[in-house]
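Asker: Dropping a structure here in structure tokens format, bear with me for questions.
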There are 2 protein chains.
Amino acid sequence: MSGRRVTVTDIALGCGVSRATVSLVLRGSPLPAAATRAKVEAELKKQGYVYNRAAANLRQRRSSSVALVVNDLSNPFFADFAAGVDETLGAAGYVTLLGSTGESPERQQRVLASLMEHDPAGIILSPAEGSDGVALGQVLGAHLPVLVFNREPSHVRWSASHWDYLALDNRRGAALATHHLLERGHRRIAFFGGHAESSSCRDRRRGYAEAMRAAGIEPEPGWLVETTPTRLDAAARTASLFTSKHAPTAAVCYNDAVALGLMLGLGARGITAGRDFAVTGFDDIPEAAVSTPALTTLATDPRARGRQAAERILERARRPDTGAVRGVAPVRLIIRASSEATLT
Amino acid sequence: MSGRRVTVTDIALGCGVSRATVSLVLRGSPLPAAATRAKVEAELKKQGYVYNRAAANLRQRRSSSVALVVNDLSNPFFADFAAGVDETLGAAGYVTLLGSTGESPERQQRVLASLMEHDPAGIILSPAEGSDGVALGQVLGAHLPVLVFNREPSHVRWSASHWDYLALDNRRGAALATHHLLERGHRRIAFFGGHAESSSCRDRRRGYAEAMRAAGIEPEPGWLVETTPTRLDAAARTASLFTSKHAPTAAVCYNDAVALGLMLGLGARGITAGRDFAVTGFDDIPEAAVSTPALTTLATDPRARGRQAAERILERARRPDTGAVRGVAPVRLIIRASSEATLT
DNA sequence: GCGCGGAATTGGATCGTTCCAAAATCTGCC
DNA sequence: GGCAGATTTTGGAACGATCCAATTCCGCGC
């Protein structure tokens, strides 16, 4: 019938107590007498009362939401991450404000500005590629709890910032993969794919190089190939691995998409991945388990990362003045057929 | 420094005007004189003012958010859908309140109740399997704009409800796939996979049966196989297609996951999908394009569906009293190698 | 100098809830 | 019956914005 919302005043009038008493009952205070409580609760049900958290938050000067901004929801890695975040926030009584940026730093600024107006208790941000830390600082203000996930925006002085940071253990992951290939007897191992200027690619390359040097091998420049992190571009650039006479016999790839593309490119040249050439990926996307050959890769458990991120931001909202935390999440090497090729 | 939030009062005090004037400037009203506007705007920037939309919404008795509740974010179909929803809502100045239910009707009730407290302008709901319309009606109340996506909860009297509904054209999609196989000469075609009691499976089966009958063929009971809609269970149930002597030579599958599982199961029996047996899927998940053989399937463009859902809910929020709309989204047959097998 | 009309500005009430200090009610006990 | 002390209840002022009716300001013509 009525389009009007039922308020505490309606309840108070309906059962002859004051607004303050209704409010006490709503919040489960022990103060009201049992009889009063019962009377009020009956009236709440009768009128179909719905709590207005916005009004309560306004008065209490607090917030019951956390903003989650991701660069690309249609990437399963981030979708899973978001699911983990929402799961944990929901369990803690917070609601998730979603924003997606489609990898555009400009859109990211707009999205963040809009979310800020909803007064979130904190922000979990997986920045768009090319994000600028100064611009981010501008919209986010100086006090809001912030957790940056997975990528480092440029121009962030972490030492002077209160932002938390959570990333995968890219370095260790790449080192694990490299080590695995070395154990299979490979010596000429490439690092294939990714944009060298992105922070995750830098870290993975470092892990690869360290593992190689630990085995007494200096990576040759021809073994480092840059690509867009997509299947298509990776397939197209396969040829550049085979220009020198020291052509590699195995490749650690930037991620699974690149690895799948490389395997496609290898097939086109008559090279069978897994038999003639060993390949590893990164991420363990669902497809990795069922490609031919199945892809050796690093599992990152994005959902667990999401839960971790949410817990971190809640903790920071509770105690804002502890120092910033840099977290590194473990990765797990999953060995499948694509790295079976051993050196003859 | 100060943890306190900057308010219109601070701005008003800071530049010697009243709160009302600041408010007018904030909302871009033409009333304030240019000089005043400039003065206020300078002060806003100087103090780093952030608009408090919750307070404004409270006074204006409106809402600037829409709730999006999905059953499973880690399913790429729904993740894409969510991306589309958020894109459109964001462009319209709304923020997305996210909730995920993990296919649990109980959790769905809790999530919805929590979201309702944030007073959304509307709700887009892709219900968990086994949702009950009566329970949903309870939490959602009688007046909130609601769009149900993709599945029908039980016990909903659509004729008496104001809920909008948007689903894929399941019936037509299955009919298209069936027709395609008939054209290739197949006569004994199975419908493989899915839970028969789910609304989407029912609709797809109907489309399949209608296409068969239109070609003068009565589907045999042995050609209807139920499975959990997962790759694994589908693979395990492959055998049940080949028990009678009228074994099918092709199958329309409930979705891509099932189709990929079936192809696996066929391979294990020495049958090559695409050559000895034709298979079609539904959804066009990313994997479909790169499986071996590539999977013929129905593209549903979940992102566009998300945009559509968001537009619908915004439209309804604008004009609440128009009758409920039942929308059906087109699907597109994508022909790939898995259906190349023709009847000899 | 005064009155007029339009433009610009403003004080105070309001949205739905919670906080706080004070008032009302209930106990038990002399 | 009266009174201290505890238990319950309550009115009114917040929170940060907006609405509305009323007021001030200003230029201009007579």
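Asker: Looking at the structure I just gave you, is A:Lys39 touching a Gly at 6+ places or on another chain (Cβ under 9 Å), among the basic types (Lys, Arg) and near DNA strand D (Cβ under 10 Å from one of its atoms)?
Answerer: Taking the combined requirement at face value, the residue satisfies it.
Asker: Then there is this: Among the residues of the range B:67-79, is any among the aromatic types (Phe, Trp, Tyr) and either within 31 Å of the chain's Cα centre (by Cα) or facing chain A (nearest Cβ under 10 Å) (or both)?
Answerer: Among the residues of the range B:67-79, at least one is among the aromatic types (Phe, Trp, Tyr) and either within 31 Å of the chain's Cα centre (by Cα) or facing chain A (nearest Cβ under 10 Å) (or both), which makes the answer yes.
Asker: Given the conditions (1) more than 35 Å from the chain's Cα centre (by Cα); (2) at the interface with chain B (Cβ under 10 Å from one of its Cβ atoms), report the number of the one that A:Arg19 does not fulfil.
Answerer: Status for A:Arg19: all satisfied but (2).
Asker: Report, by residue number, each residue of the range B:234-255 that is charged (D, E, K, R) and at pLDDT below 95.
Answerer: B:Lys245
Asker: Give me the pairs: first residue in the range B:227-256 and surrounded by 15 or more Cβ atoms within 10 Å (Cβ to Cβ), second residue acidic (Asp, Glu), beta-carbon distance under 8 Å, and six or more apart or on different chains, which are they?
Answerer: Once the first residue is surrounded by 15 or more Cβ atoms within 10 Å (Cβ to Cβ) and sits in the range B:227-256, its partners that are acidic (Asp, Glu) give B:Thr227/B:Asp233; B:Asn255/B:Asp283; B:Asp256/B:Asp283; B:Asp256/B:Asp284; B:Asp256/B:Glu287.
Asker: To continue, here is another question. How many residues does the range B:113-135 hold that are crowded, with 23+ Cβ neighbours inside 10 Å and within 18 Å of the chain's Cα centre (by Cα)?
Answerer: So the answer is 8.
Asker: Hey, another quick one. Which number in (1) surrounded by fewer than 21 Cβ atoms within 10 Å (Cβ to Cβ); (2) over 19 Å from the mean Cα position of the chain (by Cα) marks the one condition that A:Met263 misses?
Answerer: The failed condition is (1).
Asker: Evaluate the following for B:Ala12: is it within 16 Å of DNA strand D (Cβ to nearest atom), more than 41 Å from the chain's Cα centre (by Cα) and aliphatic (A, V, I, L, M)?
Answerer: yes
Asker: If B:Gly185 passes every condition in (1) more than 30 Å from B:His155 (Cα to Cα); (2) surrounded by 24 or more Cβ atoms within 10 Å (Cβ to Cβ); (3) of a type outside the set (Asp, Glu) but one, which one does it miss?
Answerer: (2)
Asker: Let me ask something else. Residues of the range A:57-68 being surrounded by fewer than 17 Cβ atoms within 10 Å (Cβ to Cβ) and more than 8 Å from DNA strand C (Cβ to nearest atom), which ones?
Answerer: A:Arg61, A:Arg62
Asker: Surrounded by 17 or more Cβ atoms within 10 Å (Cβ to Cβ) and either over 39 Å from the mean Cα position of the chain (by Cα) or in contact (Cβ under 8 Å) with a residue 24 or more places away in the chain (or both): is that true of B:Leu44 in this structure?
Answerer: Answer is yes for this residue.
Asker: Among the candidates B:Asn52, B:Asn57, which residue alone is within 11 Å of chain A (Cβ to nearest Cβ), near DNA strand D (Cβ under 8 Å from one of its atoms) and either in contact with a Ser or Thr (Cβ under 8 Å, 6 or more places away or on another chain) or touching a residue at least 24 places away in the same chain (Cβ under 8 Å) (or both)?
Answerer: Selected residue: B:Asn52, the only one of B:Asn52, B:Asn57 that is within 11 Å of chain A (Cβ to nearest Cβ), near DNA strand D (Cβ under 8 Å from one of its atoms) and either in contact with a Ser or Thr (Cβ under 8 Å, 6 or more places away or on another chain) or touching a residue at least 24 places away in the same chain (Cβ under 8 Å) (or both).
Asker: Further question: How many residues does the range B:258-287 hold that are without any contact (Cβ under 8 Å) to a residue 60 or more places away in the chain and in contact with a strand residue (DSSP E or B) (Cβ under 8 Å, 6 or more places away or on another chain)?
Answerer: 5
Asker: Then there's this: For B:Leu24, only one of the following conditions fails: (1) within 14 Å of another protein chain (Cβ to nearest Cβ); (2) surrounded by 11 or more Cβ atoms within 10 Å (Cβ to Cβ). What is its number?
Answerer: (1)
Asker: Given the conditions (1) among the small types (Gly, Ala, Ser); (2) away from DNA strand C (no atom under 16 Å from the Cβ); (3) within 26 Å of B:Ala167 (Cβ to Cβ); (4) surrounded by fewer than 18 Cβ atoms within 10 Å (Cβ to Cβ), which single one is not true for B:Gly93?
Answerer: With (1) among the small types (Gly, Ala, Ser); (2) away from DNA strand C (no atom under 16 Å from the Cβ); (3) within 26 Å of B:Ala167 (Cβ to Cβ); (4) surrounded by fewer than 18 Cβ atoms within 10 Å (Cβ to Cβ) applied to B:Gly93, the lone miss is (3).
Asker: A further question on this structure: Residues that are at the interface with chain A (Cβ under 9 Å from one of its Cβ atoms): find the strands (runs of 3 or more DSSP E) completely inside the range B:87-167 holding 3 or more of those.
Answerer: The strands (runs of 3 or more DSSP E) meeting that bar are B:95-100.
Asker: Against the conditions (1) within 8 Å of DNA strand C (Cβ to nearest atom); (2) farther than 30 Å from A:Leu314 by Cβ, where does A:Ser23 fall short? Just the number, please.
Answerer: (2) is the only condition that A:Ser23 fails.
Asker: Working carefully through the options B:Leu68, B:Leu97, B:Leu89, find the one that is at pLDDT 95 or above and within 21 Å of A:Leu144 (Cβ to Cβ).
Answerer: Testing whether each residue is at pLDDT 95 or above and within 21 Å of A:Leu144 (Cβ to Cβ) leaves just B:Leu97.
Asker: Out of (1) small (Gly, Ala, Ser); (2) within 21 Å of the chain's Cα centre (by Cα); (3) surrounded by 22 or more Cβ atoms within 10 Å (Cβ to Cβ), what's the single condition that is false for A:Ala177?
Answerer: For A:Ala177, the failing item is (2).
Asker: Something else about it: Just give me the residues in the range A:26-56 being closer than 30 Å to A:Asp119 by Cα, within 9 Å of DNA strand C (Cβ to nearest atom) and among the hydrophobic types (A, V, I, L, M, F, W, C), in sequence order.
Answerer: A:Leu26, A:Val50, A:Ala54, A:Ala55, A:Ala56
Asker: Conditions first: (1) surrounded by 22 or more Cβ atoms within 10 Å (Cβ to Cβ); (2) farther than 30 Å from A:Pro248 by Cβ; (3) of a type in the set (D, E, K, R). A:Arg157 passes all but one, so which condition is the exception?
Answerer: So the condition that A:Arg157 fails would be (1).
The values are calculated or read from the model by the stated rules, or taken from the named source; none is laboratory data. None of these values were measured; they are calculated from a predicted model. We place every Cβ from the backbone using ideal geometry, glycine too, and count neighbours over all the protein chains shown.
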